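Asks: Quick one: the structure is below, questions incoming.
The values are calculated or read from the model by the stated rules, or taken from the named source; none is laboratory data. None of these values were measured; they are calculated from a predicted model. Backbone-built Cβ (ideal geometry, glycine too); neighbour counts: all protein chains shown.
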């Protein structure tokens, strides 16, 4: 009798519980990264609009994971993340991209993000840094006025940590004065900058059991911190910025930019990941090829034979056949010693 009862209960449970409805109703690819508060959001490979939730562009990893926080990552961990190294030029450009995102959020959307952290900064497959996780964002109560005001909720220590912003990156006014403004996000960005350059360690460690006392102590410490203004943006950062807005530039500015490009020294993986694709995309415009081709050939010169076959796309093949403008032939003839030992890319 007991056996029959157990069998019946098992059958009833099987019929009632059809497994995870997310994996049953939606395609779930390979887990490649994690992000968001507590790194709770999982990022899967080849997301599309058929998914329950999807990124607007392919993600590579959260900034926290890149800095060495490997919580909620798949096992075995991808060597692309484990061995990833942030170069100085990437860091500067990425932080500038986060600032530009906040500037748009504050001035155009009239919104405060409220939780800028390394976990909420996503590095996409092109190496650009993007803001995510708007769970704690606050919209202005008077968006039409010149000085917007933002409501702020009192800190509730009884809530689970995932239901609260990360206090280690939160501006003190949230806790001490129940107040927030656009400058609060900039404070958070400053703490992220510190963490990036300090092996992901935040500038202040917060005692979550006595959070008000911790933040009062922070205010005292902040008054003794030195400050310096960034007056000159390195040429490498300006170069990556130009690639982000290249499609908006006219012919003259593009030609001037590409003419200067070979003189800018960038790390090899930055060139391959961010620059090569942008350069070859200009091959569709024959008038632009003479300005782009020298930089592409310079990249080829630094590649091994295996890297050349793997990285140089087939778009280069049709360029060999072009007779006009005449500068294309001149450039190829000047680099014949480089090109002859290598296989011709075919479309």
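Asks: Restricting the search to segment 227-280, which residues are over 26 Å from residue 303 (Cβ atoms) and at pLDDT 70 or above?
Replies: Within segment 227-280, 245, 248, 249, 250, 251, 252, 253, 256 qualify.
Asks: Checking the condition closer than 17 Å to residue 219 by Cα and either touching a helix residue (DSSP H, G or I) at 6+ places or on another chain (Cβ under 7 Å) or loosely packed, with under 15 Cβ neighbours inside 10 Å (or both), which residue from 192, 178 passes?
Replies: One residue alone meets the criteria, 178.
Asks: Being under 27 Å from residue 123 (Cβ atoms) and part of a helix (DSSP H, G or I) is true for just one of 296, 319, 289, 330. Which residue is that? Steps first, answer last, please.
Replies: Numbers: 319 fails: under 27 Å from residue 123 (Cβ atoms); 289 fails: under 27 Å from residue 123 (Cβ atoms); 330 fails: under 27 Å from residue 123 (Cβ atoms).
Residue meeting the stated conditions: 296.
Asks: Would you say residue 95 is within 16 Å of the chain's Cα centre (by Cα), in the same structural domain as residue 145 (by TED's automatic domain parsing), buried (at least 17 other Cβ atoms within 10 Å of the Cβ) and closer than 26 Å to residue 140 by Cβ?
Replies: yes
Asks: Of the numbered conditions (1) modelled with pLDDT of 75 or more; (2) assigned by TED's automatic domain parsing to the domain that holds residue 133, residue 221 fails exactly one; give the number of that condition.
Replies: Every condition holds for residue 221 apart from (1).
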